[in-house]
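Take a look at the structure below.
The values are calculated or read from the model by the stated rules, or taken from the named source; none is laboratory data. Keep in mind the model is a prediction, meaning the values are calculated, not measured. Here the Cβ is made from the backbone with ideal geometry for all residues, glycine too, and neighbour counts use every protein chain on show.
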Amino acid sequence: MVLLLMMINMTTSYKINEFFETIQGEGAFTGQPSIFIRLQGCPVACSWCDTKHTWEIDLGQKVKVTDILAKAQESEHWAEFSIAQLLALMVEKGYQAKHIVITGGEPCMVDLTPLCLAFEEKGYSCQVETSGTFEINVSDSCWVTVSPKVNMRGGYAILNSAMLRANEIKHPVATEQHIDDLKVLLTEHKITNTPVYLQPISQKTRATELAIKTCIANNWRLSVQVHKYLGIE
Ligand code: SF4
């Protein structure tokens, strides 16, 4: 393992919009204390996206690491964090969580393997949340949550490699069309055993009712974004 760490370039850096500790509110790890790393940049352009402030990598919005740590509200500000800095900050801030969620934006626009390996060597487990529209470069042990974004404005297709790598598929739903899109996707990519979570968009009552009904009919699972009900980040 020491050898492995020596092979990882600890100065490798990532464009980060947010870095904080909370409870994972979605999917299989719901309830798990987690350190969230939100990367900047996403070209997928989902109309209902709740992190639109992460879409653009605007050099004019680049700030210092300390500014990101002090962030009190969502903004397009981002900073370059090296792997070494991230590891040091986890200790400095006294974070207790041992699970790291790498999200975005679309985190798979960059190679996350060195980041995962460095965290895992320190005893953390890693999870990446991706739209499935970019090749997934992570460690073998990393838990991959694919939340496939079908027919979005950005025009990106869902990759077969992403669907096959997924440890769970978490699908946002509000309409029957979203369910139909998911069924087509699962058939096209021959996905039969990967756990499927339906996640009602924006906690809307109709979306929640549709998700519950569909989960029962298909023996899928429900993901309700617990953090939003709790009013936490
Ligand atoms: S893939 Fe995620 S971050 Fe990108 S637009 Fe869609 S919901 Fe937003």
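Between a first residue in region 113-136 that is without any contact (Cβ under 8 Å) to a residue 60 or more places away in the chain and of a type in the set (Gly, Ala, Ser) and a second residue that is in a strand (DSSP E or B) and surrounded by fewer than 22 Cβ atoms within 10 Å (Cβ to Cβ), which pairs have beta carbons less than 6 Å apart while being 6 or more apart in sequence or on different chains?
From region 113-136, the pairs are Ser125/His99.
Being within 17 Å of Val44 (Cα to Cα) and crowded, with 23+ Cβ neighbours inside 10 Å narrows it down to one of Val146, Val150, so name that one.
Working: Val150 fails: crowded, with 23+ Cβ neighbours inside 10 Å.
It is Val146.
How about region 3-31: which of its residues are away from the ligand (no atom under 16 Å from the Cβ) and charged (D, E, K, R)?
Selection gives Glu21 alone.
Could you tell me whether any residue of region 32-47 is within 16 Å of the ligand (Cβ to nearest atom), within 23 Å of Thr145 (Cβ to Cβ) and loosely packed, with under 14 Cβ neighbours inside 10 Å?
Our first condition is that a residue be within 16 Å of the ligand (Cβ to nearest atom); within region 32-47, this holds for 36-47.
Retained after the next criterion (residues that are within 23 Å of Thr145 (Cβ to Cβ)): 36-47.
From what is left, the residues that are loosely packed, with under 14 Cβ neighbours inside 10 Å are 47.
Yes, some residue in region 32-47 is within 16 Å of the ligand (Cβ to nearest atom), within 23 Å of Thr145 (Cβ to Cβ) and loosely packed, with under 14 Cβ neighbours inside 10 Å.
Listed here are the residues, each with its yes/no results for (1) within 15 Å of the ligand (Cβ to nearest atom); (2) closer than 18 Å to Ile37 by Cβ; (3) out of contact with any strand residue (DSSP E or B) (no Cβ under 8 Å at 6 or more places or on another chain).
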site	(1), (2), (3)
Cys116	no, yes, no
Asp140	no, no, yes
Ala157	yes, no, yes
Asn160	no, no, yes
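Say we look at region 122-143 and pick out the residues that are surrounded by fewer than 22 Cβ atoms within 10 Å (Cβ to Cβ) and among the polar types (S, T, N, Q); which of these is nearest to Glu168 (Cα to Cα)?
Ser141
Give the residues of region 133-152 that are among the basic types (Lys, Arg) and either farther than 20 Å from Thr187 by Cα or modelled with pLDDT of 95 or more (or both), sorted by residue number.
None - no residue of region 133-152 is among the basic types (Lys, Arg) and either farther than 20 Å from Thr187 by Cα or modelled with pLDDT of 95 or more (or both), so the list stays empty.
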